[in-house]
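**Student:** Starting off with a structure, shown below.
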Amino acid sequence: MASQPHRPRELPLVLVLRPSPVFTVFEAQFSQKLQFLKAWESPLPVVTFLTTHAQSVRAALCSGESPITAEILRWLPSLRFIVTTSAGLNHIDLPECRRRGIAVANAGTVFSAEVADTAVGLLLDVLRKVSAANRYVRAGLWKISGDYPLGSKIGGKRVGIVGLGSIGLEVAKRLQAFGCIILYNSRKKKPPVSYPYYSSVCELAADSDVLVICCALTSQTRHMIDKEVLLALGKNGVIINIGRGAVIDEKELVQCLMQGDIAGAGLDVFENEPSVPKELFALDNVVLLPHAAVFTKETFLDLYELMVANLEAFFSNKPLLSPVIDE
């Protein structure tokens with residue numbers, strides 16, 4: 001009897017609403033292991049596209065640029081797993097996922113070291129005026145106007161960390177090596193940690209020279225850093241944000257910086273990205289990054305491997321590697 005022709009194994013199907021940077025970089029590698037439904041390539045309206053594939057989509061890959069709302073979940077009744085390329089989860093309706101029994105996995109601690117490095121880099125830049133001094137030299141002002149104004153040392157600074165999770169702990173470890181004194185605020189006190197704990201962010205700011213924002217964006221943390229907190233930080237205080245932009249009331253931050261109510265800021269994230277308040281562009285005491293703290297080749301490779309491993313685990317009915325919600 002003639003042998004049956006070999007049929008290639010059908011790859012598991014995964015929905016992608018919009019391509020994240022890591023998907024774009026590793027699309028060829030992803031596509032060797034998984035089959036993707038690319039919503040952004042379809043001429044159909046999103047609703048029509050999703051309802052057309054509603055019964056076949058069991059897993060979705062998303063990022064902060066492609067929110068998974070309750071409405072989208074209603075269009076995907078067969079969806080059972082969401083994996084996001086970010087550590088933050090504010091773009092996913094977690095209560096609705098729990099209600100529907102949808103498992104969720106995130107980037108886990110893949111980004112922690114790189115984000116902490118960026119936080120320290122921003123703080124050094126603001127205190128030592130690295131970017132501002134660089135512009136001064138490039139503009140030919142050193143010959144004309146003489147030495148650049150003095151910066152400030154980092155050693156001995158009291159640094160208040162808002163959110164002592166995996167990123168916050170990495171920031172603390174690095175800044176301790178610089179001789180900083182670490183204080184922190186978190187949802188609750190962390191018994192293994194010896195740093196002084198503050199239940200009030202405002203009291204933490206009042207006792208700190210620097211605030212480093214490392215917490216997630218939730219309904220409780222949105223605009224948690226308001227005018228009262230910024231004024232408590234004071235005229236010599238510096239704020240660093242590598243968490244989420246909307247944790248800080250951005251309008252109040254701009255006003256405080258322009259009026260000299262705080263000494264400076266290093267910002268990787270903003271409230272309405274990619275829009276950045278134009279008032280900040282002219283301020284030499286502010287350093288701005290385009291939400292790029294995690295953008296390294298090494299991190300993207302680690303993230304790609306984690307995303308694939310989570311998806312393969314889901315389709316093989318094995319435990320997820322970085323679960324936020326188990327099915």
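The values are calculated or read from the model by the stated rules, or taken from the named source; none is laboratory data. Here the structure is a predicted model, which is why all the values come from computation and not from measurement. Counting neighbours? That spans all protein chains shown, and the Cβs are built from the backbone with ideal geometry, glycine included. Ligands, DNA and RNA are stripped out before the accessible areas are found, and what is left, the full protein with its side chains, is counted by its heavy atoms. Shrake-Rupley method; radii C 1.70, N 1.55, O 1.52, S 1.80 Å.
**Student:** Where a ≥ b ≥ c are the square roots of the eigenvalues of the C-alpha gyration tensor, would you call the stretch 123-200 rounded, which needs a/c under 1.5, or, failing that, prolate if a/b is larger than b/c, or oblate?
**Tutor:** Cα axes put the stretch 123-200 in the prolate bin.
**Student:** While we're on this one: Taking the Cα centre of the chain as origin, work out the dipole magnitude from +1 charges on Lys and Arg Cβ and -1 charges on Asp and Glu Cβ, in debye rounded to 20.
**Tutor:** My answer is approximately 420 debye.
**Student:** Give the accessible surface of the chain per residue, rounded to a whole number of Å², with probe radius 1.4 Å and ligands, DNA and RNA excluded.
**Tutor:** I get 51 Å² per residue for this part.
**Student:** Return one quarter of the surface area of the convex hull spanned by the alpha-carbon atoms of the chain, equal to its mean projected area, in nm².
**Tutor:** If you wrap the Cα atoms of the chain in a convex hull and average its projections, you get 21.9 nm².
**Student:** So for the stretch 274-327, what are the equivalent ellipsoid semi-axes in whole Å, largest first, each being the square root of 5 times an eigenvalue of the Cα gyration tensor? List each step's numbers first, then the result.
**Tutor:** On the way: eigenvalues 292, 34, 12 Å².
Working from the Cα gyration tensor, I get semi-axes of 38, 13, 8 Å.
**Student:** Within the stretch 107-189, which trypsin sites (Lys or Arg not before Pro) sit in a loop by DSSP and count at most 11 neighbouring Cβ atoms inside 10 Å? List each step's numbers first, then the result.
**Tutor:** On the way: sites: Arg128, Lys129, Arg135, Arg138, Lys143, Lys153, Lys157, Arg158, Lys173, Arg174, Arg187, Lys188, Lys189; in loops: Lys129, Lys153, Lys157, Arg187, Lys188, Lys189.
Of the trypsin sites (Lys or Arg not before Pro), the ones in loops of the stretch 107-189 whose Cβ has at most 11 other Cβ atoms within 10 Å are Lys153, Lys188.
**Student:** Now for a separate question. Using the Cβ atoms and a cut-off under 10 Å, what net charge is assigned to the surroundings of Gly179, where Lys and Arg are +1 and Asp and Glu are -1?
**Tutor:** That works out to +2.
**Student:** What does DSSP give for the stretch 182-289 in terms of the percent of beta bridges that are antiparallel, rounded to the nearest 5?
**Tutor:** Percentage antiparallel, nearest 5: 5.
**Student:** Where Rh denotes the Kirkwood radius from the mean inverse Cα pair distance, what is Rg over Rh for the stretch 45-94?
**Tutor:** Radius of gyration relative to Kirkwood radius: 0.95.
**Student:** May I pose another question? Take every Cα pair under 8 Å in the stretch 19-118 that's 6+ residues apart, average their separations, divide by the length, and report that relative contact order as a whole percent. Let's see the in-between values first.
**Tutor:** On the way: 105 pairs, mean separation 22.6, N = 100.
Here the relative contact order equals 23 percent.
**Student:** Moving on. Carbon and sulfur together cover what percent of the accessible area of the chain at a 1.4 Å probe radius?
**Tutor:** After summing per-atom areas, the C and S share lands at 53 percent.
**Student:** Of the listed pairs Lys157/Lys189; Lys143/Lys227; Lys33/Lys188; Lys129/Lys189; Lys153/Lys189; Lys227/Lys297, which have alpha-carbon separations greater than 32 Å here?
**Tutor:** Over 32 Å Cα-Cα: Lys143/Lys227; Lys33/Lys188; Lys129/Lys189; Lys227/Lys297.
**Student:** Continuing with the same structure: Which loop-located GluC sites (Glu not before Pro) does the stretch 203-306 contain, where loop means any DSSP state but H, G, I, E or B and the Cβ has at most 15 other Cβ atoms within 10 Å?
**Tutor:** none
**Student:** I would also like to ask the following. Does anyone have the angle between helix 297-315 and the longest principal axis of the chain? Alpha-carbon axes, 0 to 90°, nearest 10?
**Tutor:** 40
**Student:** So what's the angle, to the nearest 10 degrees on a 0 to 90 scale, between helix 250-259 and the longest Cα principal axis of the chain?
**Tutor:** Here the helix axis deviates by roughly 20 degrees.
**Student:** Whole Å is fine, so just give me how far the alpha carbon centre of the stretch 159-209 lies from that of the stretch 75-117.
**Tutor:** 26
**Student:** On to the next question. Subtracting the Cα-Cα distance from 0.36 nm times the residue separation, let me have the gained length for Trp142 to Leu94 in nm, one decimal.
**Tutor:** Working: separation 48, 0.36 × 48 = 17.28 nm, distance 5.37 nm.
Gain in length upon complete extension: 11.9 nm.
**Student:** Turning to a different aspect of this structure: Each label point is 7 Å from the Cα along the Cα-to-Cβ direction; what then is the distance between the points at Ser152 and Asn134, in nm?
**Tutor:** Taking the two extended label points, one gets 2.1 nm.
**Student:** Helix 166-177 sits at what angle to the longest principal axis of the chain, using alpha carbons and giving 0 to 90 degrees rounded to 10?
**Tutor:** Compared with the principal axis, the helix lies near 30 degrees.
**Student:** For the stretch 162-235, rounded, prolate or oblate, judged on the Cα gyration tensor with a ≥ b ≥ c (square roots of eigenvalues), a/c < 1.5 rounded, else prolate if a/b > b/c?
**Tutor:** oblate
**Student:** Decide, for the stretch 223-288, between rounded, prolate and oblate: order the square roots of the alpha carbon gyration tensor eigenvalues as a ≥ b ≥ c, take rounded if a/c falls under 1.5, and otherwise choose prolate if a/b is larger than b/c, else oblate. Could the numbers behind the result be given before it?
**Tutor:** Numbers: a/c = 1.61, a/b = 1.18, b/c = 1.37.
Oblate, since a/c reaches 1.5 and b/c is not below a/b.
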